[in-house]
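Here's the structure, in structure tokens; my notes come after.
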Amino acid sequence: MKKSWIFLMMVPVILLAGCMPSRSVEENAIVQIVGYDVGEKERIQGTVSIPQYGKSEDKQAASELYLTVDADSTKDVEIQIQKQSSKPISIGKLAVTLYSKELAEQDLGDIVDVLSRDPRLSRNMFLGIVDGSSKDLIENGYTQDETTSKHLQGLIENNTLHNFPSTSLHNFLYAYYAQGMDPFLPMLKKRESFVELSGVAFFKKGLLVAEVPDSKIFTFKMLKENFIKGAQDLPFEGGAIMLENIGSNVDYTLEGHPDQQKFIIKVNLKAEVNEMAGVDRKANPKLAREMEEKFVEYFDKEADELIALFKEKNIDPLGLGNFTKTRKGDFDISQWEDNYSDLEVDIQFNVEITEYGIFS
């Protein structure tokens, strides 16, 4: 009898499910990338790319449709875009959202609030800052066998496996709303026929206040998180050495009293040297030891410059304040921010070349 009741209850569910409207990929305008720029008269200009799918079985995107509108807000961009589309707009598969540097310097606070509230958006979506026009970057058309969103998604994702620190909408929102931490995003720049990851943009909440070039990203990532892979081109005796990371880990230690605290950041880097150019010396283990010392000096200087920049701009992308908060029951964010510029940060690098490559 019990099984009969379960069957009778399931029948209407099955029938109702069969009545639910469904649309194929070809029947929707699936937005996978959107870019925002400063529009006219204090409005926002939004640009989307919509893949145009053929009717073949493989359903590969053969082309893209670009639509651009001026709107009063990011939500209004979607409404205005819909007015230009013959198909229902769908943003559930949005993979990349871009903001022009000019717009980010005016504060993305209101836009971030909308992002955090929209349940349709994946927290794994990538955000990026464009050095230039996001519209131009989206409409450039890079390859014939993948969409612009797929291309840029792969660009950012690939770099997070190497020199660039972990980034996503989830990471950005966590740092944005957390106490004692500020967010950062990758900076993208359009070249003639390609896009490059040109640096890191640092924020004070939603306001872009600082940026560093790609040459400093490797050092920043070592200070931020543990990682494997990545490479850094380093100067050495008038030449250049390509140092490849095979294992880097960072450890934070907090010392002192609340009014006079000191951070000790220890970074251990295991690496191999697989290329040496312009160095007129015989490669051997003794030279490797000398390189290790020079690399420590190099990273110490780079790290000190980054910390000085963070203090100058009153930003905390490393999350030192958040680290303190989790370990101090009486943490006072106002007191922390007042004392941040005077915070003593002792960075200690240890570089060990374990694989010699060129020294074999």
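The values are calculated or read from the model by the stated rules, or taken from the named source; none is laboratory data. Small disclaimer: the values here were computed from a predicted structure and weren't measured. Virtual Cβ from ideal backbone geometry, glycine too; neighbours counted across all protein chains shown.
Ile333 versus (1) under 28 Å from Ala201 (Cβ atoms); (2) surrounded by 15 or more Cβ atoms within 10 Å (Cβ to Cβ); (3) over 25 Å from the mean Cα position of the chain (by Cα); (4) of a type in the set (Val, Ile, Thr): which is the lone unmet condition?
Among (1) under 28 Å from Ala201 (Cβ atoms); (2) surrounded by 15 or more Cβ atoms within 10 Å (Cβ to Cβ); (3) over 25 Å from the mean Cα position of the chain (by Cα); (4) of a type in the set (Val, Ile, Thr), the lone unmet condition for Ile333 is (2).
Take the conditions farther than 24 Å from Arg191 by Cα and at pLDDT 90 or above and apply them to Gln84. Does it pass? So that I can check it myself, show each step before the final result.
On the way: farther than 24 Å from Arg191 by Cα: yes; at pLDDT 90 or above: no.
No; evaluated as a whole, the condition is false for this residue.
What about Leu287, is it touching a residue at least 24 places away in the same chain (Cβ under 8 Å) and either more than 27 Å from Leu234 (Cα to Cα) or touching a Leu at 6+ places or on another chain (Cβ under 7 Å) (or both)?
On the way: touching a residue at least 24 places away in the same chain (Cβ under 8 Å): yes; either more than 27 Å from Leu234 (Cα to Cα) or touching a Leu at 6+ places or on another chain (Cβ under 7 Å) (or both): no.
The answer is no for Leu287.
Mind listing just one residue for me: the one in the stretch 96-112 that is buried (at least 21 other Cβ atoms within 10 Å of the Cβ) and either in a loop (DSSP other than H, G, I, E, B) or small (Gly, Ala, Ser) (or both) and, of those, modelled with the lowest pLDDT?
Leu108
Could you check, for the stretch 224-234, whether at least one of its residues is surrounded by fewer than 13 Cβ atoms within 10 Å (Cβ to Cβ) and of a type in the set (Val, Ile, Thr)?
yes
Going through Ile307, Ile315 one at a time, which residue ends up being closer than 26 Å to Leu127 by Cβ, modelled with pLDDT of 95 or more and over 19 Å from the mean Cα position of the chain (by Cα)?
Details: Ile315 fails: over 19 Å from the mean Cα position of the chain (by Cα).
Within the list Ile307, Ile315, the selection yields Ile307.
Before we move on, is Tyr99 touching a residue at least 12 places away in the same chain (Cβ under 8 Å), of a type in the set (Phe, Trp, Tyr) and more than 28 Å from Leu65 (Cβ to Cβ)? Steps first, please.
On the way: touching a residue at least 12 places away in the same chain (Cβ under 8 Å): yes; of a type in the set (Phe, Trp, Tyr): yes; more than 28 Å from Leu65 (Cβ to Cβ): no.
So Tyr99 fails the test.
Just to be sure, is Ala271 small (Gly, Ala, Ser) and modelled with pLDDT of 85 or more?
Working: small (Gly, Ala, Ser): yes; modelled with pLDDT of 85 or more: yes.
Answer is yes for this residue.
Those residues that are closer than 27 Å to Leu269 by Cα and either modelled with pLDDT of 95 or more or buried (at least 22 other Cβ atoms within 10 Å of the Cβ) (or both), I need them from the stretch 181-196; list them, please. Step through it out loud before you land on a result.
First, pick out the residues of the stretch 181-196 that are closer than 27 Å to Leu269 by Cα: 181-187, 196.
Result: Met181, Asp182, Pro183, Phe184, Leu185, Pro186, Met187.
Which residues, taken from the stretch 168-179, are touching a Lys or Arg at 6+ places or on another chain (Cβ under 8 Å) and buried (at least 19 other Cβ atoms within 10 Å of the Cβ)?
Result: Leu169, Tyr176.
Take Glu302 and decide whether it is charged (D, E, K, R), at pLDDT 95 or above and surrounded by 19 or more Cβ atoms within 10 Å (Cβ to Cβ). If you could, list the steps in order and put the result at the bottom.
Working: charged (D, E, K, R): yes; at pLDDT 95 or above: yes; surrounded by 19 or more Cβ atoms within 10 Å (Cβ to Cβ): yes.
In short, yes.
Suppose we keep only residues that are of a type in the set (S, T, N, Q) and under 9 Å from Ile44 (Cα atoms) within the stretch 69-92. Which one would you say is surrounded by the most Cβ atoms within 10 Å (Cβ to Cβ)? Step through it out loud before you land on a result.
Kept after step one, since they are of a type in the set (S, T, N, Q), are these residues of the stretch 69-92: 73-74, 80, 82, 84-86, 90.
Next, from what is left, pick out any that are under 9 Å from Ile44 (Cα atoms): 73-74.
On the way: Ser73: 14, Thr74: 21.
Step by step, filter the stretch 69-92, then rank; the result is Thr74.
Residue by residue through the stretch 30-64, note down the ones that are surrounded by 12 or more Cβ atoms within 10 Å (Cβ to Cβ), modelled with pLDDT of 85 or more and not in a strand (DSSP E or B).
Val31, Gln32, Gly39, Arg43
Only one of Glu196, Glu139, Glu192 is within 26 Å of Asn245 (Cα to Cα) and acidic (Asp, Glu). Can you tell me which? Write out each step before concluding.
Details: Glu139 fails: within 26 Å of Asn245 (Cα to Cα); Glu192 fails: within 26 Å of Asn245 (Cα to Cα).
The match here is Glu196.
Name the residues in the stretch 65-75 that are in contact with a strand residue (DSSP E or B) (Cβ under 8 Å, 6 or more places away or on another chain) and assigned to a helix (DSSP H, G or I), would you?
Taking the stretch 65-75 first, the residues in contact with a strand residue (DSSP E or B) (Cβ under 8 Å, 6 or more places away or on another chain) are 65-74.
Matches in the stretch 65-75: Thr74 only.
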